[in-house]
1. Can we say residue 138 is surrounded by fewer than 16 Cβ atoms within 10 Å (Cβ to Cβ) and more than 16 Å from the ligand (Cβ to nearest atom)?
2. Is one or more of the residues making up segment 181-188 open to solvent by less than 60 Å² (accessible area, probe 1.4 Å) and within 16 Å of the ligand (Cβ to nearest atom)?
3. Would you confirm, using the coordinates I've provided, whether residue 294 is away from the ligand (no atom under 11 Å from the Cβ) and not in a loop (DSSP other than H, G, I, E, B)?
4. Conditions first: (1) among the charged types (D, E, K, R); (2) within 21 Å of residue 418 (Cα to Cα); (3) surrounded by fewer than 16 Cβ atoms within 10 Å (Cβ to Cβ). Residue 39 passes all but one, so which condition is the exception?
5. Please go through segment 79-115 and give me each residue that is closer than 20 Å to residue 293 by Cβ and assigned to a loop (DSSP other than H, G, I, E, B), ordered by number.
6. I'm checking my understanding of the structure. Among residues of segment 209-219 that are of a type outside the set (A, V, I, L, M) and either at positive phi or within 8 Å of the ligand (Cβ to nearest atom) (or both), which one is nearest to the chain's Cα centre (by Cα)?
7. Check 119, 108, 147, 143 and return the single one that is more than 16 Å from the ligand (Cβ to nearest atom), more than 30 Å from residue 330 (Cβ to Cβ) and open to solvent by less than 60 Å² (accessible area, probe 1.4 Å).
8. Six or more apart or on different chains, Cβ atoms under 9 Å: show the pairs whose first residue is in segment 286-304 and under 26 Å from residue 366 (Cα atoms) and whose second is open to solvent by 20 Å² or more (accessible area, probe 1.4 Å) and near the ligand (Cβ under 9 Å from one of its atoms).
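The values are calculated or read from the model by the stated rules, or taken from the named source; none is laboratory data. Note that the structure is a prediction, hence the values are computed from the model and not measured. Virtual Cβ from ideal backbone geometry, glycine too; neighbours counted across all protein chains shown. Quick note on the areas: whole protein, heavy atoms, side chains included, nothing else; ligands and nucleic acids left out. Shrake-Rupley method; radii C 1.70, N 1.55, O 1.52, S 1.80 Å.
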Amino acid sequence: MSLKAYICRSALCLGLISTHTLAVTHITADRMIDVASGKVIDAPVIAVDGNRITSVTANGDVPDDAIRLPGATLIPGLMDMHVHLTGDADNHGYRGLAVSTVRSALTGAKNARISLDSGFTTMRNLGAGGYADVALRDAINDGDIPGPRLFVSGPAIGITGGHCDNNLLPAEYEVAGDGVADGPWGVRAKVRNNFKYGADLIKLCATGGVMSKGTEPGAQQLALEEMQAAVTEAHNRGAIVAAHAHGTEGIKAAIRAGVDSVEHASFLDKETIRLAKKHGTVLSMDIYVTEYILSEGEKAGILPESLEKERRVGGKQRESFREAVEAGVKMVFGSDAAVYPHGQNARQFSRMVTFGMTPLQALQASTINAAQLLGKQGELGSIEPGKIADLVAVPGNPLEDISVLERVQFVMKDGEVFKNTTANF
Ligand code: ARG
């Protein structure tokens, strides 16, 4: 145990480091969205005691010392289920080889603040070398740095030479991804190792990808048996599994293996959509990022082969998104930020609406659906008494104009105000 952890177990330290004042805070705005029902509540007064919401009253009395957010709409803290905080969008391809794991953790500290500032109070970090994501999560939880509540995977697990390996250098350099494993037992060992070193959940690579060298997005990588082994091992300890999968066969195998979410899900067909619904598999589709890759990618160091792959994947993924929404597959918001700049995550909302969701569905994907995927529906995802006080305010009604989510004015996470740019703060 570290000295700090030891000291901090004493009652004295708990008193000193507590970040929450015990007084009740009241927050009021023009309106609030009940994301479960879609109802708009006028002039809400939300009481927060410590880190919990204790009451929500429509048109209630506003205490003198309340935080007032005129013109704003209150929504639950946003939740992005696919980011890589330890990576940056101008550091793609070979540039990444010059970045140490330790340096990447510091990049993560920068991006955690940026993400929280843009309204994301909870995130899943899906894949980081050297457990930099575990260190980042712990630093945020210890109150050392500001950031979203993180659920992290540690190194993403995949086959030799696959999307989650590092294929940039020739054999003599002996470079490999931290999560490379082959065979069901190899995969099990890697899953156990990730939990040993602090992962909350598991990320698998079921197919090739766009950004990796020498892999094909449409081709399956981890075999069904390998994914089954990972899912059994993770589910045994109550942890969830996310699978990167673009190609149809890889998506199907991941669903059959029992993963909890499929990331990207680019090449869907009717049968795959049916399977996802049958198994209750959640889709997390990063449909904004194609715009960044194709416009800025070359400058950002993205490999020419990746640009070529993106031209084949992006359009099809957007069609698949529309079909999945129409079929009623459960969806969460997942951006893959790091491929595009952190802080711009919310740009994806307007694309989710363009490609078939109602604004309410897009909001639900980033709140209650995400909370449910994490098994935290009792704590996160909506503004209700008893839940954790994660609140965001935006200038206008997102049910009328979803793009207001790109202009977050106020952020409270865990009962603590991290941002308030409204005039009378
Ligand atoms: N990390 C993903 C991959 O390399 C990014 C895919 C981005 N493209 C897209 N259309 N979603 O495969």
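1. When the stated conditions are applied, residue 138 passes them.
2. no
3. No; evaluated as a whole, the condition is false for this residue.
4. (2)
5. Matches in segment 79-115: 84, 85, 86, 87, 88, 89, 90, 91, 92, 99.
6. Result: 209.
7. On inspection, the qualifying residue turns out to be 143.
8. Final answer for the pair search is 287/318; 290/315; 290/318; 293/211.
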